[in-house]
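Heads up: the structure comes next, in structure tokens.
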Amino acid sequence: MSIQRSQAMFERAQAVIPGGVNSPVRACRSVGGDPIFIAQGDGPTITDLDGNRYLDLIGSWGPLILGHGHREILDTIAETMMYGTTFGAPTEVEVRFAEKLRDVVPSMEMVRAVSSGTESTMSALRLARGYTGRAKIIKADGGYHGHADCLLVSAGSGVATLGIPGSAGVPEGAARDTIVVPFNDIAAVEIALAAGDVAALIIEPVCGNMGLVEPAPGYLEGLRALCTKHGTVLIFDEVMTGFRVAYGGAQERYKITPDLTTIGKVVGGGLPAAAFGGRADIMQKLAPLGPVYQAGTLSGNPLAMAAGLKAMEILGRPGTYERLEQLGKRLGDGLLAAAQAAGVPAQLNRVGSMLTLFFCGTPVTDYASAKQADTARFGTFFRKMRERGVFLPPSQFEAMFVSLAHSDEDIDAITTAARAALVD
Ligand SMILES: *Cc1c(COP(=O)(O)O)cnc(C)c1O
């Protein structure tokens, strides 16, 4: 398999784009080897500049739950764009997008659209601070909530993978009010809340950014109860899990109601859209109703809203999440069996169509245990899978995403590749 054209393009890219990429994990540094440049996507596959085809388990890091180039999404974008691409004034599709979100995720009584997950978490935190008049926030070790200053403290995947402690350029003041607790440790949250002045606890209800880690039984219930007791705003960051682990996200799957929810990835249907929303009494503190400022030139962009709305509609059809569960299970079981057959110590963590194969011998329940994984082995696995036509997330600490475009045969082809990749 030649990746000559990708390598030449990477050379060009590095001259004008720092590291040659517009988001660091794409550089594939933690797994070794150069990035491939994508020319085209089609259903479950992507094709690179050299014409190599891969079964894709990234799906643009989650958004493409329907696969690449879904016909109905493309048609919707084409129809919508004929009326214009942006106005900076309200449109009907924004209202329909917000209504749809509220219908599927009832805790989102009111919704504001933004353009990225980072914007949604940053805005939700400002809102929580404005609403409570408090300064501190709590986040989980290894949890990733986008790259706002106050959230770039022990922030998992990209940051963990690159080994940047927090990130240069984040002033001490911005990080000082961020308290970091281990995921799945309710006692740590209790202690942090008891110290007082905590505006919000922001959490991925299913962690996807330290690799996939499921909440322990009772953990989310415990967070809900503690936040209620202390008057702290509970924010579920469902940018990854929303419309992924269930139609109504993790809050539907685990039956917990947060105060605010941030959502992105899938809700843009492959275009840049995200949103935050929640209790009406909190959301009404936003400008122009209230004192908390938040804005965006392209917020509620009609193309992104239309694509996202169409994706949400398609996902609401019967059998969708049962099918995603089947596909996820088939892949998880196949990968674990491949590791066992090869005698490689491995843990398979999975919730629905999100999963991670950790190369370690002990269960992964938080970031400390995730870091026990053999990242060198993962790097080798990534490269061998890519040579065999399977595109995995280029980090041990990222989740794989299955889409509805994958067939049983695609999944079996992936696990067959894994069997070969793990022994040679
Ligand atoms: C991807 C992600 C974000 C950031 O979203 P961007 O659109 O990349 O800014 C925030 N939170 C979680 C849980 C995510 O997975």
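Structural remarks
- Which listed residue is away from the ligand (no atom under 16 Å from the Cβ), surrounded by fewer than 16 Cβ atoms within 10 Å (Cβ to Cβ) and in contact (Cβ under 8 Å) with a residue 60 or more places away in the chain, from Thr80, Thr76, Thr91, Thr85: Thr85
- Tyr367 vs. criteria of a type in the set (Phe, Trp, Tyr) and either open to solvent by 30 Å² or more (accessible area, probe 1.4 Å) or more than 16 Å from the ligand (Cβ to nearest atom) (or both): no
- Count of the stretch 265-281 residues which are within 11 Å of the ligand (Cβ to nearest atom) and open to solvent by 10 Å² or more (accessible area, probe 1.4 Å): 2
- Test result for Lys310, in the same structural domain as Arg112 (by TED's automatic domain parsing) and either polar (S, T, N, Q) or within 29 Å of Gly67 (Cβ to Cβ) (or both): yes
- The listed residue being within 19 Å of Asp141 (Cα to Cα), in the same structural domain as Ala124 (by TED's automatic domain parsing) and within 11 Å of the chain's Cα centre (by Cα), out of Glu214, Glu238: Glu238
- Criterion violated by Arg350 - all others in (1) closer than 26 Å to Pro35 by Cα; (2) in contact with a helix residue (DSSP H, G or I) (Cβ under 8 Å, 6 or more places away or on another chain); (3) not in a loop (DSSP other than H, G, I, E, B); (4) not aromatic (Phe, Trp, Tyr) satisfied: (1)
- Residue match in the stretch 48-57 (condition: away from the ligand (no atom under 16 Å from the Cβ), surrounded by fewer than 17 Cβ atoms within 10 Å (Cβ to Cβ) and under 23 Å from Gly117 (Cα atoms)): no
- In the stretch 233-264, the residues that are within 10 Å of the ligand (Cβ to nearest atom), assigned to a loop (DSSP other than H, G, I, E, B), within 20 Å of Leu223 (Cα to Cα) and open to solvent by less than 10 Å² (accessible area, probe 1.4 Å): Thr241, Gly242
- Scanning the stretch 378-388 turns up no residue that is part of a loop (DSSP other than H, G, I, E, B), among the charged types (D, E, K, R), open to solvent by less than 40 Å² (accessible area, probe 1.4 Å) and assigned by TED's automatic domain parsing to the domain that holds Asp34.
Condition check ((1) at pLDDT 85 or above; (2) near the ligand (Cβ under 10 Å from one of its atoms); (3) in contact with a Cys (Cβ under 8 Å, 6 or more places away or on another chain); (4) assigned to a helix (DSSP H, G or I)) across all residues:
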{"residue": "Arg134", "(1), (2), (3), (4)": "yes, no, no, no"}
{"residue": "Ile138", "(1), (2), (3), (4)": "yes, no, no, no"}
{"residue": "Gly142", "(1), (2), (3), (4)": "yes, no, yes, no"}
{"residue": "Gly146", "(1), (2), (3), (4)": "yes, yes, no, no"}
{"residue": "Ser154", "(1), (2), (3), (4)": "no, no, no, no"}
{"residue": "Pro165", "(1), (2), (3), (4)": "no, no, no, no"}
{"residue": "Ile179", "(1), (2), (3), (4)": "yes, no, no, no"}
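- Every residue from the stretch 200-225 that is among the hydrophobic types (A, V, I, L, M, F, W, C) and either within 16 Å of the ligand (Cβ to nearest atom) or touching a strand residue (DSSP E or B) at 6+ places or on another chain (Cβ under 8 Å) (or both): Ala200, Leu201, Ile202, Ile203, Val206, Cys207, Met210, Leu212, Val213, Leu220, Leu223
The values are calculated or read from the model by the stated rules, or taken from the named source; none is laboratory data. Note that the coordinates shown come from a computational prediction; the quantities given were computed from them, not determined experimentally. Every residue, glycine among them, receives a Cβ derived from its backbone with ideal geometry; neighbour counts consider all protein chains shown. We work out accessible area using only protein heavy atoms, side chains counted, and drop any ligands, DNA or RNA first. Shrake-Rupley method; radii C 1.70, N 1.55, O 1.52, S 1.80 Å.
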